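This report refers to the structure that appears directly beneath it.
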Amino acid sequence: MTNSYKEITEDLQDIIEQIYKQEEFDRLLAYGRGLFSGLIEPVIVDKEAELDLDRLEFTDEAYQMLSKYLLKNRELKQVVVAKPCDTRAIAFYISENIIARDNLIVVGINGCPGIKDNTACDECDSKNPVIADYTAGNLMPEDEFAKDKSDLKYLLSEENQVTRKNHYTKEFMRCTQCYACRDACPVCYCDHCFVESNQPVWLEAGSGPEEDMVFHLMRTMHMPGRCVNCGACEMACPEGIEMRSLTSHLYHQAREYFDFRPGLAVDQKSLFSDYNEEDPEPGFLQQEGD
Amino acid sequence: MAESKEVAKKEEFEPKIIAFLCNWCSYAAADLAGSSRLQYPTNIRAVRIPCTGRLNPLIVIKTLKKGADGILVSGCHPGDCHYIDGNYYARRRFIMLKELLEYAGVEPERLNFTWCSAAEGRRFASVVRQVVDRVKSVGPWDGYLSADLMEDFIPEAGNPGCTEPDDKGGVIDDQFI
């Protein structure tokens, strides 16, 4: 149950026209056709500049996460067109006090029809925006995982340990450590990233197969409690590495163990900055009778 | 013959286990085990940390990369933390770290997490025995790379040049490489 891209595009154009008339803001972030490439690109327009409304569009190629683009100008008042996963990232920003809610006008997309070639959309669990001032399209019922989790072949939970190790070694061997996955990720926002840290050195210089593996494990370890399962990392990877199955696995496990999903509310505590005394202890060493 | 050699090798294998012990409980438990002359294997290398909440999960990833065969993290019992709730945070982090590493192919036996209070010297000794047994059962840790895949990437000794015929049917001479 989703809206069509055409409906959403028409709605978006109406809403943005309305916002231009009514609201005070500095900058607009939306999707539109590129002037030269003909591809869907982020369109960033200041209020004073002239905007060609017909240029704005939302299609299945709108894979960029506009929420990431908000971070550069946090002090400006920005209007952003946000997919449901974007709104979850924005809710996460607000809960972490990175961006003030007053500085944002969120145009959410209801009943997001999904993005082409993005495996994350197969396991999408938020079809409607979490926070929005305006919404385009009709509200759709939130259907939990549209597909059965066992249908998702890239999730390797069923495989044994050796198969998984082989799989990830093979995948990460192609990594050139360009950090596109980090740069595309809407919830990676640290000024000082561990990959560039020289005190302490988490990641040694050079890109060997083992360093690649360590990089991906360390990157993934930052993700539980933040990853909104948007698939931007995998879409950005120039080598087509399937790294999202790791973060996705942790996303589902965090949900199972702690009933936690990031970015569902603006006053939510993140996974690792909260605890419950009744948390499970799977696989912990138990006391032997001695 | 080869089999028996392998078995002998496995029996000789003494794992290197890095134990991250909380200053207030488990390090004192290790101390107590020592001062009460309790015998336990010498495979652990103790690292004293202020609290298990201080243990950055990346340190564990890096420790395994640097050649440790196993990890033991031990802190105060839940509710008894010197810093009130440090070990509750650590617990969540460690559960996710364990999930991640197991998913990426690290044997669960290598990652051990437990609680030991300062009075539990006996328990600490038994935990170390248990951990050493667990790590011995999975053998030496050969890094994050899958060994059977790596064989294709390491050139064989004694065959430095390429003697494969190229697509024109000729053989590439060593001197041009």
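When the protein assembly as shown is described by a simple charge dipole with +1 on each Lys and Arg Cβ and -1 on each Asp and Glu Cβ, the residue from A:Thr176, A:Leu271, A:Gln78 located farthest towards its positive end is A:Leu271. About its Cα centre, segment A:1-122 has a charge dipole of approximately 420 debye under the convention of +1 per Lys or Arg Cβ and -1 per Asp or Glu Cβ, with nothing else charged. Under a 5 Å amide H cut-off, with hydrogens placed 1.01 Å from N, A:Ile105 pairs with A:Gln78, A:Val79, A:Val80 among residues at least 5 apart or on other chains. Annotation: amide H-H contacts under 5 Å for B:Val73 (H modelled 1.01 Å from N, sequence separation of 5 or more, or interchain): B:Phe20, B:Asn112, B:Phe113, B:Thr114.
Among the listed pairs A:Lys77/A:Lys153; A:Lys77/A:Lys149; A:Lys68/A:Lys170; A:Lys72/A:Lys153, a Cα-Cα separation exceeding 32 Å is found for A:Lys77/A:Lys153; A:Lys77/A:Lys149; A:Lys72/A:Lys153. Spin-label pair A:Asp279-A:Asp259: with each label point 7 Å from Cα along the Cα-Cβ axis, the two points sit 1.7 nm from one another. Looking at the square roots a ≥ b ≥ c of the eigenvalues of the Cα gyration tensor of segment A:104-195, which shape do they give, rounded for a/c under 1.5, prolate if a/b is larger than b/c, or oblate? Cα axes put segment A:104-195 in the oblate bin. Charges were assigned to the Cβ only: +1 to each Lys and Arg, -1 to each Asp and Glu. The resulting dipole of segment A:89-191 about its Cα centre is roughly 440 debye. Comparing A:Phe284, A:Gln253, A:Ala100 along the charge dipole axis of chain A, the residue lying farthest to the positive side is A:Ala100, per the Cβ-charge model. Full extension of the chain segment joining A:Asp46 with A:Glu96 gains 15.4 nm, where the gain is 0.36 nm per residue of separation less the Cα-Cα distance. Here is how the number arises for chain A: DSSP H runs of 4 or more residues each give -39500 (n - 2.57), the sum is divided by the residue count, and the result at 222 nm is -9000 deg cm²/dmol. Shielding by partners for peptide B:85-95, expressed as the average number of C-beta atoms from other protein chains within 10 Å of each residue's C-beta, is 5. Label-to-label distance, A:Glu196 versus A:Glu239, with points set 7 angstrom from Cα along the beta-carbon direction: 2.1 nm. The HN-Hα couplings worked out from phi for segment A:81-87 by the Karplus form 6.51 cos²θ - 1.76 cosθ + 1.60 (θ = phi - 60°) are 8, 10, 6, x, 5, 4, 5 Hz, whole numbers, x standing for Gly and Pro.
Whole-Hz Karplus values for segment A:250-261 come out as 5, 4, 5, 5, 4, 5, 6, 6, 10, 6, 10, 10 Hz, taken residue by residue from phi with 6.51 cos²θ - 1.76 cosθ + 1.60 and θ = phi - 60°; glycine and proline positions read x. When you count the other C-beta atoms within 10 angstrom of each residue and take the mean per peptide, A:27-38, B:22-33, B:102-113 line up highest first as B:22-33, B:102-113, A:27-38. Of all the C-alpha pairs in the protein assembly as shown, what % are more than 44 Å from each other? Tail of P(r) above 44 Å: 25 percent of Cα pairs. Using Cβ point charges alone (K and R +1, D and E -1), the dipole size of segment A:53-93 about the Cα centre works out to roughly 300 debye.
A crude spin-label estimate for the pair B:Asp85 and A:Thr59, with each label 7 Å from Cα along the Cβ direction, gives 5.0 nm. Evaluating 6.51 cos²θ - 1.76 cosθ + 1.60 at θ = phi - 60° for every residue in segment A:7-14, the Karplus couplings come out as 4, 5, 4, 5, 4, 4, 4, 4 Hz, glycine and proline recorded as x.
For the options A:Asp279, A:Asp212, A:Asp259, a Gaussian network treatment of chain A with springs between C-alpha atoms closer than 10 Å singles out A:Asp279 as fluctuating the most. Per residue of peptide A:166-177, the mean number of Cβ atoms on other chains within 10 Å of the residue Cβ is 3. In segment B:17-90, Rg over Rh equals 0.99, where Rg is the alpha-carbon radius of gyration and Rh the Kirkwood radius from pairwise Cα distances. Springs between Cα atoms under 10 Å define the GNM used for chain A, and in it the highest mean-square fluctuation of A:Glu211, A:Glu277, A:Glu23 occurs at A:Glu277. Rounded to the nearest 0.05, what FRET efficiency is calculated for A:Leu76 and B:Asp31 with R0 set to 56 Å and r the Cβ-Cβ distance? Once rounded, the FRET efficiency stands at 0.45. Could you tell me which of A:Ala91, A:Phe58, A:Leu35 has its Cα farthest along the dipole of segment A:25-100 towards the positive end, charges placed at Cβ (Lys, Arg +1; Asp, Glu -1), taken about the Cα centre? Positive-end residue among those listed: A:Ala91.
Beta bridges from DSSP with both residues in the protein assembly as shown: antiparallel share about 25 percent, rounded to the nearest 5.
Taken together, the values in this text are just the output of simple stated rules run on the coordinates, not laboratory data. These numbers were taken from a predicted model, which means no experiment stands behind them. Ideal geometry is used to build each Cβ from the backbone, glycine not excepted, and the neighbour counts take in all protein chains shown.
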